[in-house]
Amino acid sequence: MLKMTQVSKVYRTEVVETHALRDFSLEVKPGEFVAVTGPSGSGKTTFLTIAGLLESFDGGSYVLDGVEVGRLDDSARSKIRNEKIGFVFQAFNLIPDLSVADNVEVPLRYRGMKAAERRERVRGALERVGLASRERHYPAELSGGQQQRVAIARALAGSPRLLLADEPTGNLDTQMARSVMELLEELHREGATIVMVTHDPQLAARAQRNVHVIDGQVLSGTAELLGLGAWGRAQQVA
Ligand code: ADP
Ligand code: MG
């Protein structure tokens, strides 16, 4: 499904250069559920945004479904993103002045889908997350757990084969977190490939595989563990 080989990503500002990923290599097979853990600032979000084609990268190779995406232009990348990938973010990222139904519909509009099919998919996705009765509500009228379920409905309305979730339960209490996790597990059983960043060891343990990221790299063995240099990734260049 997804294969990154020695991917590097450098963020540059006027004063600092941050190596967010360096020689980052990871393969995720179709239908896997992978949990990604690691300290704050280790590059987890950077990895997900590159995996989801929201960001470009500086070196290495990223093959998604057999296509080297590093060579694609912006419009080819957005097309793939729209067709294959769903995102769930920690901060829900719902649009406050759109209703629940309109929020879920946004990515379908980008796809140029006909109105009738959009309506059907929006309804189906909201039923799926148990929020069909809230379609006319606005995000502010919902609890955090409900907002996150709307965000999941938005991601799954497009039937993504790859679901990328960045600390999807980070802002939720334990019970809400569990119900969001159960929803992800259900999608996984139905065939979606899921990559979830989480700080919660109990949730990570429920995934099929855990990947630990430290200092912009996937930690794979004791040798790397011994060679850790967790400091000083932000280098002064001016
Ligand atoms: P994590 O999600 O594991 O907390 P991130 O991927 O967000 O880590 O960040 C990795 C490193 O890259 C951090 O040092 C962070 O400050 C830096 N970084 C992330 N995004 C940007 C950005 N847009 N501009 C500059 N630096 C960034
Ligand atoms: Mg992050």
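Of all residues in the range 30-41, those that are part of a loop (DSSP other than H, G, I, E, B) have Cβ atoms under 7 Å from Cβ atoms of residues that are open to solvent by less than 10 Å² (accessible area, probe 1.4 Å), 6 or more apart or on another chain, in PRO30/THR193; GLY31/THR193; GLU32/THR193; GLY38/VAL213. Answer with yes or no whether LEU131 is open to solvent by less than 40 Å² (accessible area, probe 1.4 Å) and closer than 22 Å to LYS44 by Cβ. When the stated conditions are applied, LEU131 does not pass them.
Against the test of being over 19 Å from the mean Cα position of the chain (by Cα), more than 16 Å from ligand 2 (Cβ to nearest atom) and among the aliphatic types (A, V, I, L, M), the options VAL129, VAL122, VAL150, VAL180 yield a single qualifying residue, VAL122. Of the residues contained in the range 174-183, none is found to be open to solvent by less than 30 Å² (accessible area, probe 1.4 Å) and part of a loop (DSSP other than H, G, I, E, B).
Among the residues making up the range 184-206, those that are assigned to a helix (DSSP H, G or I) and not hydrophobic (A, V, I, L, M, F, W, C) are GLU185, GLU186, HIS188, ARG189, PRO201, GLN202, ARG206. Search the range 33-66 for residues being closer than 27 Å to GLU185 by Cα and more than 16 Å from ligand 2 (Cβ to nearest atom), and hand back the single one that is surrounded by the fewest Cβ atoms within 10 Å (Cβ to Cβ). If we take residues in the range 33-66 being closer than 27 Å to GLU185 by Cα and more than 16 Å from ligand 2 (Cβ to nearest atom), then GLY66 is surrounded by the fewest Cβ atoms within 10 Å (Cβ to Cβ). Being open to solvent by 40 Å² or more (accessible area, probe 1.4 Å), assigned to a helix (DSSP H, G or I), within 22 Å of GLU185 (Cα to Cα) and among the charged types (D, E, K, R) holds for only one residue in GLU27, GLU83, and it is GLU83.
The values are calculated or read from the model by the stated rules, or taken from the named source; none is laboratory data. If you're wondering where the values come from, they're calculated on a predicted model, not measured in any experiment. No Cβ is skipped: glycine too gets one built from the backbone with ideal geometry, and neighbour counts run over all protein chains shown. For the accessible areas, the whole protein counts, side chains as well, though only heavy atoms, and no ligand, DNA or RNA atoms are used. Shrake-Rupley method; radii C 1.70, N 1.55, O 1.52, S 1.80 Å.
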